[in-house]
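Structure first, then comments.
Derivation of every value follows stated rules applied to the coordinates shown; laboratory data play no part. Please read all numbers here as calculations on a predicted model, not as lab measurements.
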Amino acid sequence: MMDLISQITVSGLMFWFLAAVTIVGGLGVALSQNILYSGFCLMITLIGVAGLYLFLGADFVGAVQLIVYIGGILVVILFSVLLTKRIGVDKTTSSWMNRGVSVLGCLALLGMLLFSVTKATWRVTETVSTPTTARIGDGLLREYLFPFELISVVLLMSLVGAMVLARRAAKDNSGQQQDSIERLQ
């Protein structure tokens with residue numbers, strides 16, 4: 001028993017904690033019947049994945065995971081869920097037949113993964129993690145400067161186009177509302 005306790009490290013505990021957070025969040029997404037709770041569980045899952053990226057030394061990928069997925073995409077998903085009408089009325093459930101097939105498929109996948117993990121030879125190496133942001137920033141400002149700037153111009157043009165279309169749609173809607181008001185009077 002003491003040998004097992006002496007092999008436990010803080011980094012091992014941190015990895016297993018982040019893995020458990022990710023798995024529990026994923027189960028919450030898959031098993032929750034309320035779509036709002038599924039959205040919050042997705043946020044927990046993405047935070048766990050970002051923590052795993054940061055733990056493994058991929059600091060840029062972890063930061064992008066936090067900013068893009070949690071900060072942007074998940075907020076859009078949650079707002080669309082909150083703005084959807086009758087979200088609390090409709091309950092989405094699947095039949096027991098579908099759940100049975102899903103469970104069998106998941107168990108088969110788990111068996112294949114466990115077989116692969118137990119039969120593989122794993123090399124353990126100690127590496128010092130260095131920040132990846134310096135190399136990425138250097139690449140963006142040297143050999144990939146033109147594509148980076150081209151993408152920024154394309155994104156700017158798409159934002160301006162979206163604003164023009166939204167403004168045109170708002171003007172059309174205000175004209176229709178004015179016609180409706182005049183008809184009522």
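Per-structure values
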quantity	calculated
Amide hydrogen neighbours beyond the local backbone of residue 132, cut-off 5 Å, H modeled	59, 60
Pairs of alpha carbons in the stretch 9-87 whose separation is greater than 19 Å (percent)	41 percent
Relative contact order (%) - the stretch 9-87, alpha-carbon pairs under 8 angstrom, separation at least six	27 percent
